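Written out below as structure tokens is the structure these notes cover.
The values are calculated or read from the model by the stated rules, or taken from the named source; none is laboratory data. Fair warning: this is a prediction, and the values are worked out from it, not measured in the lab. Backbone-built Cβ (ideal geometry, glycine too); neighbour counts: all protein chains shown. What goes into the accessible areas is simple: the full protein's heavy atoms, side chains included, and nothing from ligands, DNA or RNA. Shrake-Rupley method; radii C 1.70, N 1.55, O 1.52, S 1.80 Å.
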Amino acid sequence: MADISAGSAARELPEFDPGAEARAEAAERFDQRKDARADKIERLNAGEVVVDTPERKAKRAARLRRYNAGQPLHGSPVAVPSPGSQAAAADGRTLEQVINSADFVDIRFLEAGVAAARAVGRVNIRNQGERVVGYGSASLISNQLALTNHHVLPTAEVARRSAIEFNYQDGIDGQPLQPRLFRFDPDRFYLSDKDRDFAIVAVAAQATELADFGFNRLIDVEGKAVVGEFVTIVQHPRGEKKQVSLRENRVVDLLESFLHYETDTEPGSSGSPVFNDQWEVVALHHASVPAPDHAELGSIMNEGIRVSALVRAARDGAGTLPAPMAALFEGLFDDQRSAVGAPAAVPAAPAAPRLVTPGLQSLTLPESSGMTETRITVPIEIIVRIGVAPSPPVAAPAGDLVV
């Protein structure tokens, strides 16, 4: 199916606030955890690197051990050493070393982040008259399914009218990319849960059409984040171009199903994926609540639904799905159970712009080409070719033209 027409820039919308209930519930949880959270923040500010349970620390350290060894993270659950063992002690040192170096990461952090962000799109929420009445964010979690909040796409009917827009962002040259907008296809797949505030819906496109964007798997194990660690949020705040709140979002509390993190940025968009430093999705962002009485959180409280809790709820709901939908759902986790567990293929990053030093450069091409090339850069580059080069082969059309 070809892309439908791409949307325009964010604009003023009529009053539309589907996330009000989610924010109210998040604010209530935030208030209930006030004392426990304050204790954790005090310990973190006093220099304690990780403030969490021994079990969570062990699971997180074991995953970092696998990551540092270059092993896949989304395969079978990672073995956790017994407490007090030499391996457990080494894991503890690794955990503190990684988390304590908050501003010093491998270059692959940036490269992996570009690939992960490519799968994030803007959700255009439409009413019955096909008018855009609000925006959200979503991420591809397979080559056919996208994840966002229940309050963004609360019913199959809302999803059927709405669409996901990729590439709504600027390129490295500062110019806008060509947006690509696809409708959702809830008739093929739709699963949502109000309590865990998530919706998984199919995109009305062939897998080949979505291949350029890759996807961010949901990993069905714990140990992806601990209190004291930083997370990163890729989002379309207020429906604007894609942005990133990079790492300066410290996890300050972990509930059974929710994760709280501090921030000094603007409130993010509902449905944004929350990543750890290994670019695993650790939570689904769903609420940013003004908290003027909590300066320790930048006067903003952010809450996300933990992926492990989200997957448990999704599995419960998937039991009643028709067979074709159930097959699509189980496909989300097939690769995680494989021995190799290779990550999804992502397209190569775009080439960096070529920088040319002003001056005169002359290049003699091979004699067989019958060509000589002289370049004069002032800083405009003028290329003069003498002779006729063989015509390059013409590639066959790659598919539908995106307009």
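Mind listing whichever residues of region 148-163 are open to solvent by 10 Å² or more (accessible area, probe 1.4 Å) and either of a type outside the set (Ser, Thr, Tyr) or under 20 Å from Ala327 (Cα atoms) (or both)?
His150, His151, Pro154, Ala156, Glu157, Val158, Arg160, Arg161
What tally of residues in region 160-185 results from selecting those that are within 17 Å of Ser137 (Cα to Cα) and part of a loop (DSSP other than H, G, I, E, B)? The number of residues fulfilling the criteria is 6.
As a summary of the residue check, Thr155 satisfies the conditions (1) without any contact (Cβ under 8 Å) to a residue 60 or more places away in the chain; (2) β-branched (Val, Ile, Thr); (3) under 24 Å from Ser245 (Cβ atoms) except for the one numbered (3).
Could you say whether any residue in region 172-182 is under 24 Å from Ala327 (Cβ atoms) and within 20 Å of the chain's Cα centre (by Cα)?
Looking for residues that are under 24 Å from Ala327 (Cβ atoms) and within 20 Å of the chain's Cα centre (by Cα), one finds at least one in region 172-182, hence yes.
Of Ala342, Ala313, Ala326, Ala309, all but one fail to be modelled with pLDDT under 85 and outside any strand (DSSP E or B); the exception is Ala342.
Counting only residues that are assigned to a loop (DSSP other than H, G, I, E, B) and crowded, with 19+ Cβ neighbours inside 10 Å, region 223-241 holds 8 of them. Considering each residue of region 164-173 in turn, none proves to be closer than 22 Å to Ala313 by Cα and open to solvent by less than 60 Å² (accessible area, probe 1.4 Å). Per the listing Ile41, Ile4, the residue uniquely β-branched (Val, Ile, Thr) and at pLDDT below 60 is Ile4.
Taking region 172-223 as the range and being more than 20 Å from Arg161 (Cα to Cα), at pLDDT 95 or above and in contact with a Phe, Trp or Tyr (Cβ under 7 Å, 6 or more places away or on another chain) as the test, only Phe213 passes.
Mind listing whichever residues of region 174-191 are open to solvent by less than 50 Å² (accessible area, probe 1.4 Å) and within 14 Å of His236 (Cβ to Cβ)? Hits for region 174-191 are Pro179, Leu181. Could you grab me the full set of residues in region 242-277 that are modelled with pLDDT of 90 or more, farther than 21 Å from Ala36 by Cβ and open to solvent by 10 Å² or more (accessible area, probe 1.4 Å)? If the condition is that a residue be modelled with pLDDT of 90 or more, farther than 21 Å from Ala36 by Cβ and open to solvent by 10 Å² or more (accessible area, probe 1.4 Å), then Lys242, Gln243, Val244, Ser270 are the ones that fit.
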